[in-house]
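The values are calculated or read from the model by the stated rules, or taken from the named source; none is laboratory data. Bear in mind that the values here come from a model prediction, so they are computed numbers and not experimental data. Quick reminder, even Gly has a Cβ in these numbers, built from the backbone with ideal geometry, and neighbours come from all protein chains shown.
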Amino acid sequence: MVSSPLAPSAPFSQRQQVNRPVAVDPQLALAVADDSFLRSLLTDGLPAIARPHEIGSVTVAVGVPLPQGRMDAVLTFEHINCVLAGSYPEVPPPDLTSHRQYEAITPCHSDLSTLAHNVPLPEAEALLARSGFEPDDVQHILNLPSQGWHKSWWYSLTPDGFLTVPFQRHIRSRCYADGTVTLQFKDHYAQQRPEGFRSQPQKLPVVVHSPQVSFCDNLAHINLSRQALATPQAILIADDLTELEVEGYIRQNVSLYRQRSLEYLLNANCRSCGQAKCPLQGVDSSPVLACRSFKPVDVGI
């Protein structure tokens, strides 16, 4: 069996009753959810869809039509294929102590590719910043001489999200009198050419669990949604599933996400919150009605 916090816990009668937030429509919660919540759908499910450093921008569309019915939501996220070394604590620069090591991981090079063609300067700056470059590096790239290159170390990610052998990326810029910029790059790598510059869009269906519908019918709806988006994965927002249901969904490549998280996103009760570091924790007169850090307290007896 798969051990999961999604399986029912002790009966409610065996726990002290606390003031629970009022339940909200999961589709409404999805429609108004902020960026951090949308990312949590990808990183906090069982199993997780992606690690935090694999996710770029995230958007959601609710109530998407299907040939038969509709999808509760479609989550579109930027799935990162390459990461800039040093842009995250988990992605340190490579430790190269000799020229021989450098030559061993850069024997091949790609053709010159265009990253952005005649785009406005602010768009070029935003593109480079979104790729992980610090402000000083962004300005260095955009102010290179005509024969200059900016060199940086990157990693490709495996399908499982692990870092591969580092590669070196050379970037150059061409600035024009009309204020536009062209960015180009080429890679020096060991064997396999990095895929794209940084990322590619990926769509996932998000389905809200229907407890009154059988497991097979719920799974059929999930499969129809996956087929419509041509993706092997899906996210199911659920709560209080049996252990067999948890194992069944996971074995069918469905990521499970607790429905209670949606309620806590839009509702808060400082009096019954367990965030001890918050100055409003335990305050009856708190004006806070919504809080991403709300942590309800269950007190066993």
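I need the full set of residues from region 221-246 which are under 19 Å from residue 42 (Cα atoms) and assigned to a helix (DSSP H, G or I), in order please. Show your work before the answer.
From region 221-246, those under 19 Å from residue 42 (Cα atoms) are 222-223, 225-226, 229-239, 246; that's our starting set.
Once the filter is applied, which keeps residues that are under 19 Å from residue 42 (Cα atoms) and assigned to a helix (DSSP H, G or I), region 221-246 yields 222, 223, 225, 226, 229, 246.
Take the residues in region 81-102 that are free of Cβ contacts under 8 Å to residues at least 12 places away in the same chain and loosely packed, with under 11 Cβ neighbours inside 10 Å, then tell me which one is nearest to residue 204 (Cα to Cα).
So the residue we want is 89.
The conditions are (1) assigned to a strand (DSSP E or B); (2) of a type in the set (Gly, Ala, Ser); (3) surrounded by 14 or more Cβ atoms within 10 Å (Cβ to Cβ); (4) in contact with a helix residue (DSSP H, G or I) (Cβ under 8 Å, 6 or more places away or on another chain), and residue 40 fails exactly one of them. Which is it?
(1)
Condition (residue is touching a strand residue (DSSP E or B) at 6+ places or on another chain (Cβ under 7 Å), of a type in the set (Val, Ile, Thr), surrounded by fewer than 19 Cβ atoms within 10 Å (Cβ to Cβ) and over 28 Å from residue 58 (Cβ atoms)) applied to region 169-181: is it met by at least one residue?
yes
Considering only residues of region 198-209 that are of a type outside the set (Lys, Arg) and either touching a helix residue (DSSP H, G or I) at 6+ places or on another chain (Cβ under 6 Å) or assigned to a helix (DSSP H, G or I) (or both), which is farthest from residue 83 (Cα to Cα)?
From region 198-209, those of a type outside the set (Lys, Arg) are 199-202, 204-209; that's our starting set.
Right, trim to either touching a helix residue (DSSP H, G or I) at 6+ places or on another chain (Cβ under 6 Å) or assigned to a helix (DSSP H, G or I) (or both) and you get 205, 207-208.
Values: 205: 26, 207: 30, 208: 32 Å.
For region 198-209, the residue satisfying everything is 208.
Cβ-Cβ below 8 Å, separation at least six or inter-chain, first residue in region 65-80 and within 24 Å of residue 91 (Cα to Cα) and assigned to a strand (DSSP E or B), second of a type in the set (Asp, Glu) and at pLDDT below 85: which pairs?
79/54; 80/54
Would you mind telling me which numbered condition in (1) modelled with pLDDT under 90; (2) in a strand (DSSP E or B); (3) charged (D, E, K, R) residue 195 fails?
Evaluating residue 195 over (1) modelled with pLDDT under 90; (2) in a strand (DSSP E or B); (3) charged (D, E, K, R) leaves (2) as the failure.
Residues of region 90-123 being part of a loop (DSSP other than H, G, I, E, B) and under 18 Å from residue 184 (Cα atoms), which ones? Outline the logic, then answer.
Step one: filter region 90-123 for residues part of a loop (DSSP other than H, G, I, E, B), giving 90, 92-98, 106-107, 110-112.
Once the filter is applied, which keeps residues that are part of a loop (DSSP other than H, G, I, E, B) and under 18 Å from residue 184 (Cα atoms), region 90-123 yields 110, 111, 112.
Scanning region 189-200 for residues that are among the polar types (S, T, N, Q) and surrounded by fewer than 14 Cβ atoms within 10 Å (Cβ to Cβ), which turns out nearest to the chain's Cα centre (by Cα)? Even if it seems obvious, please write down each step before you answer.
Step one: of region 189-200, the residues among the polar types (S, T, N, Q) are 191-192, 199-200.
Cutting the leftovers down to surrounded by fewer than 14 Cβ atoms within 10 Å (Cβ to Cβ) gives us 191-192, 200.
Working: 191: 28, 192: 25, 200: 12 Å.
Result: 200.
Looking at 186, 203, which one is in contact (Cβ under 8 Å) with a residue 60 or more places away in the chain, closer than 24 Å to residue 105 by Cβ and surrounded by fewer than 20 Cβ atoms within 10 Å (Cβ to Cβ)? Give the derivation first.
Values: 203 fails: closer than 24 Å to residue 105 by Cβ.
186 is the lone residue from the list that is in contact (Cβ under 8 Å) with a residue 60 or more places away in the chain, closer than 24 Å to residue 105 by Cβ and surrounded by fewer than 20 Cβ atoms within 10 Å (Cβ to Cβ).
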